[in-house]
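**Student:** So that we are looking at the same thing, I have put the structure below in C-alpha coordinates.
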Amino acid sequence: MSYIIFVQPDMLSEAGMDKTALIAVTCITSGLVTLATGLIANAPIAMAPGMGMNAFFAYSIVLSGG
(Lines give C-alpha, C1' and ligand atoms only; values in the text may rest on other atoms or scores of the structure.)
Protein backbone atom coordinates (compact mmCIF):
# COMPACT_ATOMS: atom_id res chain seq x y z
CA MET A 1 0.00 0.00 0.00
CA SER A 2 2.97 2.33 0.32
CA TYR A 3 3.00 2.99 -3.43
CA ILE A 4 0.22 5.52 -2.85
CA ILE A 5 2.68 7.80 -1.00
CA PHE A 6 4.70 8.21 -4.19
CA VAL A 7 2.21 7.77 -7.05
CA GLN A 8 -0.58 9.98 -5.72
CA PRO A 9 1.49 13.17 -5.16
CA ASP A 10 3.35 12.65 -8.42
CA MET A 11 0.11 12.43 -10.37
CA LEU A 12 -1.51 15.44 -8.71
CA SER A 13 1.66 17.57 -8.87
CA GLU A 14 1.33 17.54 -12.66
CA ALA A 15 -1.83 19.57 -12.11
CA GLY A 16 0.25 22.29 -10.43
CA MET A 17 -0.10 21.34 -6.76
CA ASP A 18 2.78 21.35 -4.27
CA LYS A 19 4.27 17.84 -4.19
CA THR A 20 5.57 18.08 -0.60
CA ALA A 21 2.16 19.11 0.71
CA LEU A 22 0.51 16.33 -1.28
CA ILE A 23 2.79 13.72 0.30
CA ALA A 24 1.85 14.92 3.78
CA VAL A 25 -1.87 15.08 3.00
CA THR A 26 -1.85 11.62 1.43
CA CYS A 27 -0.19 10.09 4.51
CA ILE A 28 -2.44 11.91 6.98
CA THR A 29 -5.63 11.11 5.09
CA SER A 30 -4.76 7.45 4.63
CA GLY A 31 -3.95 7.10 8.32
CA LEU A 32 -7.09 8.85 9.56
CA VAL A 33 -9.42 6.96 7.24
CA THR A 34 -7.81 3.64 8.16
CA LEU A 35 -8.29 4.42 11.87
CA ALA A 36 -11.89 5.48 11.30
CA THR A 37 -12.61 2.29 9.36
CA GLY A 38 -11.16 0.21 12.18
CA LEU A 39 -12.92 2.06 14.99
CA ILE A 40 -16.31 2.78 13.44
CA ALA A 41 -16.86 -0.19 11.12
CA ASN A 42 -14.73 -2.62 13.15
CA ALA A 43 -13.10 -3.75 9.91
CA PRO A 44 -9.36 -4.54 9.72
CA ILE A 45 -8.91 -2.87 6.32
CA ALA A 46 -6.21 -0.38 5.35
CA MET A 47 -7.67 2.49 3.35
CA ALA A 48 -5.96 4.69 0.76
CA PRO A 49 -7.17 7.37 -1.65
CA GLY A 50 -8.77 6.12 -4.84
CA MET A 51 -6.49 6.44 -7.85
CA GLY A 52 -9.29 6.59 -10.42
CA MET A 53 -10.86 9.80 -9.18
CA ASN A 54 -7.49 11.50 -8.78
CA ALA A 55 -6.39 10.52 -12.27
CA PHE A 56 -9.65 11.89 -13.65
CA PHE A 57 -9.19 15.15 -11.73
CA ALA A 58 -5.53 15.65 -12.65
CA TYR A 59 -5.56 14.65 -16.29
CA SER A 60 -9.10 15.20 -17.58
CA ILE A 61 -10.29 18.27 -15.73
CA VAL A 62 -7.20 20.27 -14.75
CA LEU A 63 -4.77 19.62 -17.59
CA SER A 64 -7.31 19.68 -20.40
CA GLY A 65 -8.99 22.78 -19.00
CA GLY A 66 -5.75 24.72 -18.79
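The values are calculated or read from the model by the stated rules, or taken from the named source; none is laboratory data. Please read all numbers here as calculations on a predicted model, not as lab measurements. Areas reflect the complete protein model, heavy atoms only, side chains present, ligands, DNA and RNA absent. Shrake-Rupley method; radii C 1.70, N 1.55, O 1.52, S 1.80 Å.
**Student:** Would you mind checking the tilt of helix 3-13 against the longest principal axis of the Cα atoms of the chain, expressed as 0 to 90 degrees and rounded to 10?
**Tutor:** Relative to the chain, helix 3-13 is tipped by roughly 30 degrees.
**Student:** Output the 0 to 90 degree angle, nearest 10, between the alpha-carbon long axis of helix 19-40 and the longest principal axis computed from the alpha carbons of the chain.
**Tutor:** Rounded to the nearest ten degrees, it is 30.
**Student:** Leaving out ligands and nucleic acids, and using a 1.4 Å probe, what accessible area per residue does the chain come to in Å²?
**Tutor:** Roughly 66 Å² per residue, with all protein chains present.
**Student:** If you stretched the chain out fully between residue 41 and residue 64, how much longer would it get, using 0.36 nm times the residue separation minus the C-alpha to C-alpha distance?
**Tutor:** 4.4 nm
**Student:** Now for a different question. What number, rounded to the nearest 500 deg cm²/dmol, is the helix-based mean residue ellipticity at 222 nm of the chain, given -39500 (n - 2.57) per DSSP H run of at least four residues and division by all its residues?
**Tutor:** After summing the helix terms and dividing by the residues of the chain, the value is -18000 deg cm²/dmol.
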